[in-house]
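Scroll down for the structure; my scribbles are underneath it.
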Amino acid sequence: DVKVTQSSRYLVKRTGEKVFLECVQDMDHENMFWYRQDPGLGLRLIYFSYDVKMKEKGDIPEGYSVSREKKERFSLILESASTNQTSMYLCASSRPQTLSETQYFGPGTRLLVL
Amino acid sequence: SQQGEEDPQALSIQEGENATMNCSYKTSINNLQWYRQNSGRGLVHLILIRSNEREKHSGRLRVTLDTSKKSSSLLITASRAADTASYFCVTSGTYKYIFGTGTRLKVLA
């Protein structure tokens with residue numbers, strides 16, 4: 001059974017803190033993605049990675065960075081958390097689109113920044 | 001940016017009824033997918049239809065695609081309470097997936 005796991009389901013942080021969100025997939029997928037989901041706005045792509053040590057900005061990368069040191073792990077970093085980063089964060093993985101277009105999602109991390 | 005828009009935004013039906021939700025998108029596509037999300041959790045892939053297909057079935061799901069109108073519809077037949085969820089249409093470009101804002105479906109027992 002394919003699986004994408006995220007390190008926390010719920011997280012509460014203070015403004016200015018550095019926040020790490022971890023995502024691990026066990027499917028040997030090349031592509032990994034980080035989205036945030038906000039009411040009325042749907043899912044918005046923050047960053048994605050199509051290979052180890054490769055990263056590409058999505059639609060809303062400001063205030064975020066990512067790290068992909070190993071194929072199975074993709075980390076999202078909030079360098080200095082702000083209240084407008086309170087959101088649901090979803091990680092996903094997929095094979096290259098030439099092979100399969102299906103994305104597999106983790107359960108999400110609900111982050112509250114106070 | 002290219003984004004799908006689902007219609008209606010919210011839908012409430014009785015168990016056993018059919019539910020239809022629609023999606024419009026802006027640019028040419030190779031395929032269109034539908035995903036389901038239960039109460040603030042991760043998304044699950046339901047079905048994919050390619051641009052050269054007009055209709056596709058999977059169990060109680062029926063998807064249609066009209067590339068001339070840049071629209072798709074998802075029909076859930078004989079709905080169940082467990083179908084209560086948000087449904088998203090997704091189109092894809094190079095590496096990227098574009099999500100609509102979703103339709104919230106509530107199936108009343």
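The values are calculated or read from the model by the stated rules, or taken from the named source; none is laboratory data. If you're wondering where the values come from, they're calculated on a predicted model, not measured in any experiment. Note that each Cβ is placed from the backbone with ideal geometry, even for glycine, and that neighbours are counted across all protein chains shown. With ligands, DNA and RNA removed, areas are computed over all heavy atoms of the protein, side chains included. Shrake-Rupley method; radii C 1.70, N 1.55, O 1.52, S 1.80 Å.
To the nearest 20 Debye, how big is the dipole of the protein assembly as shown about its Cα centre, given +1 on the beta carbon of each Lys and Arg and -1 on that of each Asp and Glu?
Once rounded to the nearest 20, the dipole reads 160 debye.
How big a patch of accessible area, both sides summed and in Å² to the nearest 100, lies buried between B and A at a 1.4 Å probe?
Adding both sides of the contact gives about 1800 Å².
If R₀ is 35 angstrom, what is the calculated FRET efficiency for the pair B:Ser68 and B:Gln14, using the beta carbon separation as r and rounding to 0.05?
0.55
May I ask for the distance between the Cα centers of the stretch A:15-43 and the stretch B:21-64, given as a whole number of Å?
Answer, in whole Å: 22.
Using a simple charge model, +1 on the beta-carbon of Lys and Arg, -1 on the beta-carbon of Asp and Glu, nothing else, what dipole does the stretch B:5-108 show about its Cα centre, in debye to the nearest 20?
240 debye
Between B:Arg60 and B:Val44, what length comes free when the chain is fully extended (0.36 nm per residue of separation minus the Cα-Cα distance, one decimal in nm)?
4.2 nm
Using mean Cβ contacts within 10 Å as the protection proxy, how do A:4-15, A:69-80 order, highest first?
The densest-packed peptide leads the list: A:69-80, A:4-15.
Mean separation of Cα pairs under 8 Å and 6+ residues apart, divided by the residue count of chain B: what relative contact order is that in percent?
Across chain B, relative contact order equals 38 percent.
Can you tell me the dipole magnitude for chain A around its Cα centre, using point charges on the Cβ only (Lys, Arg +1; Asp, Glu -1), in Debye to the nearest 20?
It comes to approximately 320 debye.
Just grab the label-to-label distance for A:Ser80 and A:Val52, each label 7 Å out from Cα along the Cβ direction, in nm (one decimal).
Going from the A:Ser80 label point to the A:Val52 one covers 3.4 nm.
If the label point is 7 Å along Cα→Cβ of A:Lys13, which residues in the stretch A:60-100 have backbone nitrogen under 15 Å from it?
A:61-67, A:75-91
Using a 1.4 angstrom probe, figure out how much accessible area the protein assembly as shown has per residue, in square angstrom, rounded to the nearest whole.
Computed with neighbouring chains in place, this is 48 Å² per residue.
Show me the ranking of peptides A:29-42, B:44-57, B:18-31 by mean Cβ neighbours inside 10 Å, starting with the highest.
With the highest mean Cβ count within 10 Å placed first, the list reads A:29-42, B:18-31, B:44-57.
What percent does the relative contact order of chain A come to when contacts are Cα pairs within less than 8 Å and at least six residues apart?
36 percent
In nm, what is the difference between 0.36 nm times the number of residues separating B:Glu5 and B:Glu53 and their Cα-Cα distance?
15.2 nm
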